[in-house]
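The values are calculated or read from the model by the stated rules, or taken from the named source; none is laboratory data. Nothing here was measured: the structure is a model prediction, and the numbers come from that model. Positions of Cβ are backbone-derived with ideal geometry, glycine not excepted, and every protein chain shown enters the neighbour counts.
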Amino acid sequence: MTQQQTVAFLGLGGMGQPMAATALRAGLPTVVWNRTPRATESLADLGARVAGSAAEAAGQAAIAVTMVTDVNAVTAIAVDQGMLAALPPGAIWAQMSTIGVAGIERLAALVERERPDVVFLDAPVAGSRGPAAAGRLTIYASGPTGARDRVAPLFDALGQRTVWVGPAGQGSRLKLVNNILLAFLAEGIAESVALAHAVGIGTETVLTALAGNPIVPPWAEAKLPRMARGDYSPEFPLSLALKDLYLTLDAVDPAEFTVAGCLAAQWRRAVDRGFGGDDVTVIARAMTPGPG
C-alpha cells in the first residue's frame, strides 16, 4: 500500500479550516498552521499535527495548500513566514485561494525565480463553507500534468469534481468566469426579493412561487429559505464576493463589462454601510431595509 503524502494547510479561515477538517476525515496525514493559533484547536482534536510556524508546517509537507483572502496574504505566508523556502525539493504547492490573474502570475514568477524545484499548482475552488465542510467543492486545477496523480487523493477528498484546464494560471482564469456568474445569480435572487418587498409581497410567497422553477438554480433556491427567515449569516460574505468581482474587472476592459461595474459599485456602497460581513444575498436587505 502506497504511503499517503502529508498535506499542510496554511491559513485556516472560513474556507481553510473546513477544507483541512475534510482532509482529516478522509484519513490524509495533515499538518496545520494559522497566524492565530486558536483556529487550529478543533483540527488538533481531529488528529492534525499543529505546527508552530508556516515554515515548520511546510517542511513536513509533500503538498502545501494555501487558502487565504488575497495575494498579499498568500505572499506573506510564502515569503515572510518562510513557507516557500521550507518546502522540500519536489513538493507541491497547491495555491487554492482566489487571487485573480495578476495575483497568480505574480506567484508563479516567484516560484520560478526562488524555487524552481517546487511544483506549483493553481487550483482555486468554487463553493462556500458548507460545500467545503462536506467535501463538495469544485476545483479548477491547472499546472503540470505530472502532479495530477499526486494530488488526486487530496482533491478527491475536498471536491465533488476537479476540472483540469491547462498550465498554471488557467484555473484562476476559469474561476473568474465562475465568479461573475455567481455574482449575477446572487444579485438576481436578492433583487427579486427586494422587488417583492417593494411591491408588497413577502419572501415566503416568493419562496413558494419560485420553488422548482426551472429558471432558479439550486444555489439560488437554497438561499430563499434563509432569506425568508431573515438569516444573512455569511456562507459567502459580501466583502469577499466584492473582492472577487474586482478581480474579474481587473482582468478585462471594464468599459466592456458595464453591468459588472455597476454591480461592483452597488456592492461597494453596501459594504461601506456595514453589510460586508453578511452573506452576499444581504443586498436584498440593503435595498429594502426591514423584515426578510
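Cβ-Cβ contacts under 9 Å between residues 6 or more apart (or on different chains), taken from a first residue in the range 220-242 that is among the polar types (S, T, N, Q) to a second residue that is surrounded by fewer than 15 Cβ atoms within 10 Å (Cβ to Cβ) and modelled with pLDDT of 95 or more, are listed as Ser239/Gly277.
Which of the residues that make up the range 1-41 are hydroxyl-bearing (Ser, Thr, Tyr) and either surrounded by fewer than 14 Cβ atoms within 10 Å (Cβ to Cβ) or touching a residue at least 40 places away in the same chain (Cβ under 8 Å) (or both)? If you could, list the steps in order and put the result at the bottom.
Filtering the range 1-41 for residues hydroxyl-bearing (Ser, Thr, Tyr) gives 2, 6, 22, 30, 36, 40.
If the condition is that a residue be hydroxyl-bearing (Ser, Thr, Tyr) and either surrounded by fewer than 14 Cβ atoms within 10 Å (Cβ to Cβ) or touching a residue at least 40 places away in the same chain (Cβ under 8 Å) (or both), then Thr2, Thr6, Thr22, Thr36 are the ones that fit.
Considered as a group, the residues in the range 199-216 that are within 30 Å of the chain's Cα centre (by Cα) and outside any helix (DSSP H, G or I) include one that is surrounded by the most Cβ atoms within 10 Å (Cβ to Cβ), and that residue is Val216.
Residues are listed down the side, and each one gets a yes or a no for (1) among the hydrophobic types (A, V, I, L, M, F, W, C); (2) assigned by TED's automatic domain parsing to the domain that holds Ser128; (3) assigned to a helix (DSSP H, G or I):
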{"site": "Leu240", "(1), (2), (3)": "yes, no, yes"}
{"site": "Thr248", "(1), (2), (3)": "no, no, yes"}
{"site": "Val252", "(1), (2), (3)": "yes, no, no"}
{"site": "Arg268", "(1), (2), (3)": "no, no, yes"}
{"site": "Val271", "(1), (2), (3)": "yes, no, yes"}
{"site": "Gly274", "(1), (2), (3)": "no, no, yes"}
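Could you check the range 82-99 and list, in sequence order, the residues that are outside any helix (DSSP H, G or I) and either among the basic types (Lys, Arg) or surrounded by fewer than 20 Cβ atoms within 10 Å (Cβ to Cβ) (or both)? It would help to see each step written out before you state the result.
Narrowing the range 82-99 to residues outside any helix (DSSP H, G or I): 82, 87-99.
Selection gives Gly82, Pro88, Pro89, Gly90.
Against the definition (among the hydroxyl-bearing types (Ser, Thr, Tyr) and surrounded by fewer than 23 Cβ atoms within 10 Å (Cβ to Cβ)), how does Thr69 come out, yes or no? The answer is yes for Thr69. Is at least one residue of the range 146-155 at pLDDT 95 or above, within 17 Å of the chain's Cα centre (by Cα) and farther than 26 Å from Val280 by Cβ? Checked against the condition, which is being at pLDDT 95 or above, within 17 Å of the chain's Cα centre (by Cα) and farther than 26 Å from Val280 by Cβ, the range 146-155 yields at least one hit.
From the list Asp122, Asp70, Asp80, Asp117, which residue is within 19 Å of Pro18 (Cα to Cα) and of a type in the set (Asp, Glu)?
Values: Asp122 fails: within 19 Å of Pro18 (Cα to Cα); Asp80 fails: within 19 Å of Pro18 (Cα to Cα); Asp117 fails: within 19 Å of Pro18 (Cα to Cα).
Checking each option against the conditions leaves just Asp70.
Summed over the range 55-72, residues that are more than 20 Å from the chain's Cα centre (by Cα) and assigned to a helix (DSSP H, G or I) total 5. Going by the structure shown, is Thr75 without any contact (Cβ under 8 Å) to a residue 60 or more places away in the chain and either assigned to a helix (DSSP H, G or I) or not assigned by TED's automatic domain parsing to the domain that holds Leu247 (or both)? So Thr75 passes the test. Residues that are in contact (Cβ under 8 Å) with a residue 40 or more places away in the chain and not polar (S, T, N, Q) within the range 42-72 comprise Ala51, Ala54, Ala57, Ala58, Ala61, Ala62, Ile63, Ala64, Val65, Met67, Val68, Asp70, listed in sequence order. Thr145 meets each of the listed conditions (1) of a type in the set (S, T, N, Q); (2) surrounded by fewer than 18 Cβ atoms within 10 Å (Cβ to Cβ); (3) touching a Pro at 6+ places or on another chain (Cβ under 8 Å) apart from (3).
Determine which member of the set Ala251, Ala241, Ala286, Ala194 is touching a Lys or Arg at 6+ places or on another chain (Cβ under 7 Å) and surrounded by 13 or more Cβ atoms within 10 Å (Cβ to Cβ). Walk me through how you get there before you give the answer.
Working: Ala251 fails: touching a Lys or Arg at 6+ places or on another chain (Cβ under 7 Å); Ala241 fails: touching a Lys or Arg at 6+ places or on another chain (Cβ under 7 Å); Ala194 fails: touching a Lys or Arg at 6+ places or on another chain (Cβ under 7 Å).
Answer to the check: Ala286.
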